[in-house]
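Enquirer: Got a structure here, written out as C-alpha cells. Questions coming.
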Amino acid sequence: MTGSSVSSRKVLSKIATNRLQKELTEWQINPPSGFTHRVTDNLQRWVIEVNGAQGTIYANEKYQLQVDFPENYPMEAPQVIFLHPAPLHPHIYSNGHICLDILYDSWSPAMTVGSICISILSMLSSSPAKERPEDNDRYVKNCRNGRSPKETRWWFHDDKV
Amino acid sequence: MAKGVCSAAVQAEQLKQDGNLYFKKNRLGAAIDAYTEAITLCPDVPVYWTNRALCHRKRNDWTRVEEDCRKAVQLDHKSVKGHYMLGLALIERENYSEGIKSLERALDHGRGAHPNSYMVEEIWQELAKAKYQEWERHSTKRNWDLHKLQESCEMALKEHHVDGDVDVNEQLEALKLVFEKAAEADVPTEVPDYLCCKITLDIFRDPVITPSGLTYERAVILDHLEKVGKFDPITRESLVQSQLVPNMAIKEAVGAFLEKHGWAYKMD
C-alpha cells in the first residue's frame, strides 16, 4: 500500500461526486476521440482505453489508462497511470508512471478527464521514438514499494515530446 | 434603573448559554425553558428567538417555529436563521411562494455575511428543493392543460374538415409540432455551458468574475485560491481573492433561465 491520498480511498466529497457524474454524462454524450471508457459502477476509478492515433508510431496500438480520483477532486489532480504494458515513450516509465506536468504541479481544477486524455494522446503522438526515459530503471526501482507518481518530485522534461 | 437593565441582560445571556448547553445534549424541553426565560428578561434580542425556534424545529413544532422566527426577523430584518427557518415553516404548511421568498432573503443575507459558510450551502439546498417541487407542481398542471387543449383541437380539426383542399393529416402534424414547442421549456435537457461553472460543471449560484474575464462559482474559486494556488484556473494568470467581483449579468441570466426551466433546480 502507498501512503498517498489516492490509495487511502477516502470517499469522494459531495462536490467531487457531483462533478464526476457530470463528467461521466458529458463523456457518454461526447467522448474524446481515440478513447473508450470501460464502464463500471466505480466512480472513483476509471479505466480508459487509448487508441494510438493514425499516422503516429503508436497507430493501431491500444493501451489502458487508470485514473483514480482523490476525495477533494477537482481541487487535487487525479492519479493517472498506464496499466501494464505501458507504451514505450521517453516520458512514460515502464511501471506506467507518466511524466506530464498537468498531472502534478500544473494541475488546475478547470481541467477534466477529457482534457487530460487529450494531453496524453498529444504527448504520445508527438513522440519521435519508442524508448524509455533515460532514468527508467533507477526510477522504477525507487517506486517498488508501490509509491504513487503524485509523490514523485518530477523534473519535467522538455516540452517538445 | 440602568443597573437593572444591565443585570437583566447579563442574566439573559447566561440563560442563553444554559439553553445552548441543553440543546447540545438534546434536552430540548430544558433548552426551550431557558430561552423562554431569556426572552422574558430581554425580549428584544433576536438570537433568543431563533435559538428557541431551532428547538421547536427539532420537535417538528412548525407553528411555534413560525411564531418565533417572525418575531426574530421583525427585530432584525437581516437575521439569516430567522428568515431561513421561517421559510422552512411556511413551506411545511404549503405556503410555497412565501416560503421561497423567505429562503431567498436568508440566502441573500447569508451570502453577504459569510459567502462560504455551511449555512449558505444548507439554505441553498432547501431553496433548490422547494423551487424544484414548485416547478413539478406547476409543470404537471401545465402539461395536463396542454394535453387537454391538444385533444380538443385535434377533435375539432377532424370534425370540421369540410374544405377538401386542406389535408387534415398535415394539419394534425403541424398542430403536434405547435404543442411540442409549447411544452419545450418544461422538458428537462441540459443547462447551457455559459451558465455553468468550469470547475463545478454545474449551474451558477453565486458567480464571480476574474480579471481574465472568466466566471466561476464563488465558493469553489475561493477553495481553489486557498488549496491549489493563486492563479486563474483557466488562463493561469495570477489571481487573488480581492480581485473577484460578482458577475451580476450572469446571475441575472441564471435567474431568467431558472424562472423558465425550473427542472434545472434538481440537485444531483
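Enquirer: Could you count how many residues in the range A:10-35 are loosely packed, with under 14 Cβ neighbours inside 10 Å, part of a helix (DSSP H, G or I) and more than 11 Å from chain B (Cβ to nearest Cβ)?
Expert: Here the count works out to 1.
Enquirer: With B:ASP206, B:ASP202, B:ASP193, B:ASP186 as the choices, which residue is more than 14 Å from chain A (Cβ to nearest Cβ), within 24 Å of A:THR17 (Cβ to Cβ) and of a type in the set (D, E, K, R)?
Expert: Going through B:ASP206, B:ASP202, B:ASP193, B:ASP186 in turn, the sole match is B:ASP206.
Enquirer: Step by step: first the residues of the range B:156-201, then only those that are β-branched (Val, Ile, Thr) and not in a loop (DSSP other than H, G, I, E, B), then the one that is nearest to the chain's Cα centre (by Cα). Which residue is that?
Expert: B:VAL178
Enquirer: Additional query: Scan the range A:101-125 for residues that are more than 14 Å from chain B (Cβ to nearest Cβ) and under 21 Å from B:ILE199 (Cα atoms) and jot them down.
Expert: Correct list: A:ILE116, A:CYS117, A:ILE118, A:SER119, A:ILE120.
Enquirer: Next question. Given the options B:ILE209, B:ILE199, name the one that is touching an Asp or Glu at 6+ places or on another chain (Cβ under 9 Å), modelled with pLDDT of 95 or more and not basic (Lys, Arg).
Expert: Values: B:ILE209 fails: touching an Asp or Glu at 6+ places or on another chain (Cβ under 9 Å).
Among B:ILE209, B:ILE199, only B:ILE199 is touching an Asp or Glu at 6+ places or on another chain (Cβ under 9 Å), modelled with pLDDT of 95 or more and not basic (Lys, Arg).
Enquirer: Looking at A:PRO87 and the list (1) within 14 Å of A:VAL113 (Cβ to Cβ); (2) surrounded by 14 or more Cβ atoms within 10 Å (Cβ to Cβ); (3) out of contact with any Cys (no Cβ under 6 Å at 6 or more places or on another chain); (4) away from chain B (no Cβ under 14 Å), which single condition is not satisfied?
Expert: For A:PRO87, the failing item is (1).
Residue-wise test of (1) in a loop (DSSP other than H, G, I, E, B); (2) touching a residue at least 12 places away in the same chain (Cβ under 8 Å).
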residue	(1), (2)
A:VAL47	no, yes
A:GLN54	yes, no
A:TYR73	yes, yes
A:ASP105	yes, yes
A:GLY114	no, yes
A:CYS117	no, yes
A:GLY146	yes, yes
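Enquirer: Scan B:GLU154, B:GLU217, B:GLU159, B:GLU170 and give me the residue that is touching a strand residue (DSSP E or B) at 6+ places or on another chain (Cβ under 7 Å), outside the structural domain of B:SER102 (by TED's automatic domain parsing) and free of Cβ contacts under 8 Å to residues at least 24 places away in the same chain.
Expert: B:GLU217
Enquirer: Of the conditions (1) assigned by TED's automatic domain parsing to the domain that holds B:LEU258; (2) over 19 Å from the mean Cα position of the chain (by Cα); (3) within 26 Å of B:TYR132 (Cβ to Cβ); (4) not aliphatic (A, V, I, L, M), B:PHE204 fails just one. Which one is it?
Expert: So the condition that B:PHE204 fails would be (2).
Enquirer: Sticking with this one: Whether any residue in the range B:123-131 is hydrophobic (A, V, I, L, M, F, W, C) and either loosely packed, with under 11 Cβ neighbours inside 10 Å or farther than 30 Å from A:ASN18 by Cβ (or both) is what I want to check.
Expert: No, the conditions are met nowhere in the range B:123-131.
Enquirer: Follow-up. Report every pair of residues separated by at least 6 positions or lying on different chains whose Cβ atoms are under 6 Å apart, first residue within the range B:220-231 and on the phi > 0 side of the Ramachandran plot and more than 7 Å from chain A (Cβ to nearest Cβ), second at pLDDT 95 or above and in a helix (DSSP H, G or I).
Expert: Cβ pairs passing all conditions: none.
Enquirer: Further, regarding this structure: Could you please let me know if A:ASN60 is in contact with a Cys (Cβ under 7 Å, 6 or more places away or on another chain) and in a loop (DSSP other than H, G, I, E, B)? If you could, list the steps in order and put the result at the bottom.
Expert: Working: in contact with a Cys (Cβ under 7 Å, 6 or more places away or on another chain): no; in a loop (DSSP other than H, G, I, E, B): yes.
Judged against the criteria, A:ASN60 is not a match.
Enquirer: When residues of the range B:184-214 are filtered for being hydrophobic (A, V, I, L, M, F, W, C), touching a helix residue (DSSP H, G or I) at 6+ places or on another chain (Cβ under 6 Å) and without any contact (Cβ under 8 Å) to a residue 60 or more places away in the chain, how many remain?
Expert: Total meeting the criteria: 4.
Enquirer: Hey, does the range B:186-193 have a residue that's under 30 Å from B:TRP144 (Cα atoms) and touching a Gly at 6+ places or on another chain (Cβ under 9 Å)?
Expert: Yes, because at least one residue in the range B:186-193 is under 30 Å from B:TRP144 (Cα atoms) and touching a Gly at 6+ places or on another chain (Cβ under 9 Å).
The values are calculated or read from the model by the stated rules, or taken from the named source; none is laboratory data. What you see is a predicted model; the values in this text were computed from it and never measured. Quick reminder, even Gly has a Cβ in these numbers, built from the backbone with ideal geometry, and neighbours come from all protein chains shown.
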